[in-house]
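Participant: Dumping the structure here so I can ask a few things about it.
Taken together, the values in this text are just the output of simple stated rules run on the coordinates, not laboratory data. These numbers were taken from a predicted model, which means no experiment stands behind them. FYI the Cβ positions are ideal-geometry reconstructions off the backbone, even for glycines, and counts take in every protein chain you see.
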Amino acid sequence: MAEMAGQQGRLAGRRLAFLATDGVEEVEYTEPRAAAERAGAQVELISIKAGSVQAVQHDLDKSQMYLVDRVVTQADPGSYDALVLPGGVVNPDRLRMNWDAVNFVRTFVEARKTIAAICHGPWTLAEADAVRDRTMTSYPSLRTDLRNAGARWVDEPVCVDGGLVTSRRPADLPVFCTTMVEQIAQTERIAAY
């Protein structure tokens, strides 16, 4: 808790895009969002559809609905400082099948902005050809997918490779959130990629 309190204000003036759609694992959206907001960031939920997205718990049980701030086709990646890709199995599977979502992610990669992805979130990164020669982690079932896409996969609670922050599962959220805030806060001082 003291570590989180020490991050208050670190992201003041920063804008973060959270890219998600129906099937997003609720805690993988709400906890990183809360950490970013506590650190002073302005956060927007970007989706492939207008209205709301249906969050789930443990990939199966419907939970809360969350209002979409902007549809991906109307969101300018240049107006955000970082991108967060929450997991859930269905959410990133739908995103990686949507050209506009994949292009949105690719634009962050090309601009060398910080990207944080947890659990199944890296699937969309693989579709955007953004994992080649990167060291990263994910939910273990993505290991082969990420290796086939050219990544070096590691089984660690959090992995940082330049401006890419990845974690495996909801149990890793405390270290994921702290590391995400730290990396975004440092983006002015380091070359992210």
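Participant: Answer yes if at least one residue in the stretch 122-131 is more than 15 Å from Arg15 (Cα to Cα), in contact with a His (Cβ under 8 Å, 6 or more places away or on another chain), surrounded by fewer than 24 Cβ atoms within 10 Å (Cβ to Cβ) and not aromatic (Phe, Trp, Tyr), and no otherwise.
Facilitator: no
Participant: Would you tally the residues in the stretch 135-164 being of a type in the set (Val, Ile, Thr) and touching a Phe, Trp or Tyr at 6+ places or on another chain (Cβ under 7 Å)? Even if it seems obvious, please write down each step before you answer.
Facilitator: Residues of the stretch 135-164 that are of a type in the set (Val, Ile, Thr), as a first pass: 135, 137, 144, 154, 158, 160.
Pick out the ones that are also touching a Phe, Trp or Tyr at 6+ places or on another chain (Cβ under 7 Å) and you get 137, 158.
Adding up the residues that qualify gives 2.
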